[in-house]
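Input: a single structure, listed below in structure tokens.
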Amino acid sequence: MNGILNLGYCSLRAWLRERITLFWSLFFPVFLLILLGVIFGGGDGEGYMRFHIGLVNLDRDAEHKAFAGLVEAAFAELAHRAEEYRDQLFILTRPTEGEDAEEFLLAEREALRQGQRAAVVVIPAGFSEEVFRAMHGTPGSLQAEVKVLYGHGDASSELAASIVEQVLTRLERELLIQAELYDPQQEVRVDASWVGTADGAARYIDFLLPGVILMAFLTNGLFGVPGSILYARDQRILRRYWVTPLTVRRYLIGFSLSMLGMCALQLGILWALGRWAFGAQVQLAAPAPVLYLLLSAVTFLALGFLISSVAKTANAGMAIANILNMPLLFLSGIFFPVTGLPVVLQALVYSNPVTYLVDGMRASLGVGTGQVPLWATVTVPLLWIALAAAVAGRRLQWDVDR
């Protein structure tokens, strides 16, 4: 056991002595967290995500217009809650007294196209009448519909639209529950549509921090693991191990411990930075987040072994890692939502193990809504681990050809 621990300790020290490894594993994630935290974390010291939302009520002349008014009031409360800006979700823009609502809507759509609005919420004419008829037992399903317009390809706009949909769904359920008419089959539908073409209060730092941590873990797996193993094999360092009582199994355990130690170091530094510099409130010590952190580290470790088994030299291993790095990062939702992508890219998104790990991690922390089933966030990474272990077990060579 002491030999395994000593091997893990020596491997970790070797990683920390490599300037390139140190930069990509520690300094780059720290730099990225600081950069994105400063730019998007908000300038008021609290770092809450706030979105500039346009709200247009076209249902003002209805007989039962109170229901549309309730929707307006809910957004107004979220926009003005706590004058010191705490818990504020939206910066709300509405038509002024006497302003034509249709003209205001046209102006808001143009502002959305230009990136001056994150989303535009439209309460259509007839909305209140539809809600009234449904709540008083008129046959048929509830047809009331609130439209949410958002910018296609704009990550901030897509995230704002998702939050608006949650607000509307919660409001509708509360109204029906109070009237003792709640039926899960009858809900106010939200029609979210793009403007433009492809041509609770959420804090951005809380959304960003888990993604940056997993990105750091991924860097270890893709670059640190094959770089260390293939370099040691090319330089015939591994051959020296095999003339000692050290076995391949014990070597793998010790090497894996060094990788987990590096992940723990990254986790501590990034969490401390997010907590003390930007006020992150995510509870990483809870059981579910710890599970996803361990699963992520093991998954990326397995991917590193998979690359090591395919590549014949250290240079080839780094080339493969560089090819995989960008798709795994940017088609996973680490930095921005990946909804609305073309079908081909969607296939890559849902075959990417990082997608499931990020989704499960954020859902467990309460800073994101799960885009995939909960069981898939564990099952898919485990399948990748099994696949990588099977391939590496058959193909990984532990010594250069004589």
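Quick check: is even one residue across segment 374-390 of a type in the set (Ser, Thr, Tyr) and at pLDDT below 90? So that I can check it myself, show each step before the final result.
Start the filter on segment 374-390 by keeping residues that are of a type in the set (Ser, Thr, Tyr), which leaves 377, 379.
Filter once more, keeping what is at pLDDT below 90: none.
Among the residues of segment 374-390, not one is of a type in the set (Ser, Thr, Tyr) and at pLDDT below 90, which makes the answer no.
Filter segment 107-129 for residues that are modelled with pLDDT under 80 and part of a helix (DSSP H, G or I); which is nearest to Leu149 (Cα to Cα)?
Phe127
Out of all the residues in segment 346-355, is one or more assigned to a helix (DSSP H, G or I), farther than 19 Å from Leu222 by Cβ and among the aliphatic types (A, V, I, L, M)?
yes
Quick check on this structure: which one of Ala272, Ala232 is modelled with pLDDT under 90, out of contact with any Phe, Trp or Tyr (no Cβ under 7 Å at 6 or more places or on another chain), part of a helix (DSSP H, G or I) and in the same structural domain as Leu374 (by TED's automatic domain parsing)?
Details: Ala272 fails: modelled with pLDDT under 90.
None of the other options fit; the residue is Ala232.
Being farther than 25 Å from Asn325 by Cβ and hydroxyl-bearing (Ser, Thr, Tyr) is the filter here; which residues of segment 215-271 pass it?
Passing the criteria: Tyr241, Thr244, Thr247, Tyr251.
Which members of segment 1-28 meet the condition of being of a type outside the set (D, E, K, R) and over 15 Å from Asn220 (Cβ atoms)?
If the condition is that a residue be of a type outside the set (D, E, K, R) and over 15 Å from Asn220 (Cβ atoms), then Met1, Asn2, Gly3, Ile4, Leu5, Asn6, Leu7, Tyr9, Cys10 are the ones that fit.
Checking the conditions here, which among Ala316, Ala311, Ala347, Ala302 is closer than 22 Å to Leu230 by Cα, surrounded by fewer than 16 Cβ atoms within 10 Å (Cβ to Cβ) and small (Gly, Ala, Ser)?
Testing whether each residue is closer than 22 Å to Leu230 by Cα, surrounded by fewer than 16 Cβ atoms within 10 Å (Cβ to Cβ) and small (Gly, Ala, Ser) leaves just Ala316.
Restricting to segment 247-287, and then to whatever is polar (S, T, N, Q) and out of contact with any Lys or Arg (no Cβ under 8 Å at 6 or more places or on another chain), can you tell me which residue is farthest from Ser364 (Cα to Cα)?
Thr247
Please indicate, with yes or no, whether at least one residue in segment 288-311 is on the phi > 0 side of the Ramachandran plot and not in a helix (DSSP H, G or I).
Taking every residue of segment 288-311 in turn, none turns out to be on the phi > 0 side of the Ramachandran plot and not in a helix (DSSP H, G or I).
Tell me, which helices (runs of 4 or more DSSP H) lie completely within segment 1-65 with 3 or more residues that are over 21 Å from Leu273 (Cβ atoms) and either at pLDDT 70 or above or over 21 Å from the mean Cα position of the chain (by Cα) (or both)?
Because the criterion is at least 3 residues that are over 21 Å from Leu273 (Cβ atoms) and either at pLDDT 70 or above or over 21 Å from the mean Cα position of the chain (by Cα) (or both), the helices (runs of 4 or more DSSP H) in segment 1-65 that meet it are 2-17.
The values are calculated or read from the model by the stated rules, or taken from the named source; none is laboratory data. Remember, predicted model here, so these are calculated numbers, not experimental data. As a convention, Cβ positions derive from the backbone with ideal geometry for all residues, glycine included, and neighbour counts pool all protein chains shown.
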